[in-house]
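Below is one structure; the comments refer to it alone.
The values are calculated or read from the model by the stated rules, or taken from the named source; none is laboratory data. Being a predicted model, the structure only gives us computed values, none of them experimental. Counting neighbours? That spans all protein chains shown, and the Cβs are built from the backbone with ideal geometry, glycine included.
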Amino acid sequence: MRKREFIKKAGILGMGAAMSDKLYLEMIGKYAEVPAGELAENEDFWLDIRKEYRLNPDIINLENGYYNIIPEPTLDKYIRHLRDVNYQGSYYMRTVQTDNKKAMAAKMAAIAGCPADELILTRNTTESLDIIIGGYPWKEGDEAVMAEQDYPSMLSMFRQVGRRYGVVNRIVSVPTDPGSDDEIVNLYANAITGKTRLLMICHMINITGHILPVRKICEMAHRRGVEVMVDGAHTVGHISFTIPELGCDYFGSSLHKWMSVPLGSGLLWVKKEHIRKIWPLMAPFEDKPEDISRLNHTGTLPVHTDLAVEDAVEYYLRLGPGRKEARLRYLQHYWTDKVRNLPHIEMYTPSDPARSCGIATVGVKGMKPSDLGDILFKKYKIYTAPVDGAGVHGCRVTPNVFTTTEELDVLVRALKEIK
């Protein structure tokens, strides 16, 4: 099949009418006893899931890490929330807005396995973690540790508190293919001094997909009297875990990524004992020291987005967290295993399957990431995210549950041809 014909065909498969709830549940039910790892390779099942999405037929979208397209059932409910809030107007805003937001936060707390009174809904990971970085009780001479591979917005916030409070920022560089967990743990341990107050780490590094041994890092840091803040932007709705099992003190994520909540939704979790010491980003109307809602005042927001959290959670649970994780990991290895050892290819994602899931970053030796991205898009209609910095020089590839192996075959062919 010619490339352009395939793209059109793949797009059409993603433009059909979404199944009714009854049909969707019947379809899922047929595979209830199939192990997640086995189902991950069943293309018929995932083509049915693809029908739940309206996709652009003109491109192969392999950049789902920034924003995950919302499945049509969730999108329909989101639009109804918007219409309902608009219908009720100020009456809604002045009566049930706050209670509904707390109820939606409780839905996410259940997914995250943490107490509802330790989690709030924010607009994104940047807001969540900047609340902690900016509101931490810093003193001049305090130190913070982070990695050059961390998200730029948080690194910028640390630079700002450095200028404002005299905080010293110590920056490490995480290897792309470590030999062991100890290599990563020791990297951070060696950067800690007696003045270190806070350590920031990624749960999954956004530019490589590298899953860090968070629990081990937290245990090491706590033995040294250092608190740990985790950037989980790419793990909620992507891999299965609970926040408490990580052993960290603070955790932030973006729900419009792998949870497929509409744009402008995130979460912040703060261990109960730390809530009172963080200064709010914006002053609350009533500052109750032990109440995490004191950190959640940001003015009037598009509250219909909050309401869609429940719908996204319901869709996620119906599909099954284990099934989703297994499919994303299968898709990543489907293409990376075919190109990793090619002489002109540079992989920036760990080779150990336990250290990654759906995200992987690939480069062509001697080629700028922007040039690679241009060729992939202009010649093959593949949309990716070029990354050029922090030791990573390639294009980030982030498939989603609607991605087909046929689409990834186009990527593999492209990477073999581009030299």
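One residue stands out in the range 279-323 among those that are β-branched (Val, Ile, Thr) and exposed (fewer than 15 other Cβ atoms within 10 Å of the Cβ): the one that is nearest to the chain's Cα centre (by Cα), namely 298.
Here is a yes/no grid of residues against (1) within 24 Å of the chain's Cα centre (by Cα); (2) without any contact (Cβ under 8 Å) to a residue 60 or more places away in the chain:
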| position | (1), (2) |
| --- | --- |
| 137 | no, no |
| 206 | yes, no |
| 224 | no, yes |
| 235 | yes, yes |
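Flag: residue 354 does not match the condition of being over 18 Å from residue 60 (Cβ atoms), at pLDDT 95 or above and in the same structural domain as residue 206 (by TED's automatic domain parsing).
Among the residues making up the range 339-353, those that are surrounded by 17 or more Cβ atoms within 10 Å (Cβ to Cβ) and either among the aliphatic types (A, V, I, L, M) or in a helix (DSSP H, G or I) (or both) are 339, 345, 347. For the structure I just gave you, tell me whether residue 74 is surrounded by 13 or more Cβ atoms within 10 Å (Cβ to Cβ), of a type outside the set (Gly, Ala, Ser) and under 15 Å from residue 261 (Cβ atoms). Yes, satisfied.
Against the criterion of being at pLDDT 95 or above and surrounded by fewer than 22 Cβ atoms within 10 Å (Cβ to Cβ), residue 376 does not qualify. Filtering the range 37-62 to residues that are assigned to a helix (DSSP H, G or I) and in contact with a Pro (Cβ under 9 Å, 6 or more places away or on another chain) leaves only 49. For residue 270, are the conditions met, namely being β-branched (Val, Ile, Thr), in contact with a Lys or Arg (Cβ under 8 Å, 6 or more places away or on another chain), touching a residue at least 40 places away in the same chain (Cβ under 8 Å) and surrounded by 15 or more Cβ atoms within 10 Å (Cβ to Cβ)? No: the conditions fail for residue 270. Please tell me if residue 101 is in contact (Cβ under 8 Å) with a residue 60 or more places away in the chain and surrounded by 14 or more Cβ atoms within 10 Å (Cβ to Cβ). Spelling it out, residue 101 is indeed in contact (Cβ under 8 Å) with a residue 60 or more places away in the chain and surrounded by 14 or more Cβ atoms within 10 Å (Cβ to Cβ). Only one entry in 260, 265, 240 is small (Gly, Ala, Ser) and touching a His at 6+ places or on another chain (Cβ under 8 Å), namely 265.
Residues of the range 308-330 include at least one that is closer than 30 Å to residue 372 by Cα, among the aromatic types (Phe, Trp, Tyr) and outside the structural domain of residue 120 (by TED's automatic domain parsing).
When you scan the range 398-410, do you find a residue that is among the hydrophobic types (A, V, I, L, M, F, W, C), assigned to a loop (DSSP other than H, G, I, E, B) and surrounded by 20 or more Cβ atoms within 10 Å (Cβ to Cβ), even just one?
yes
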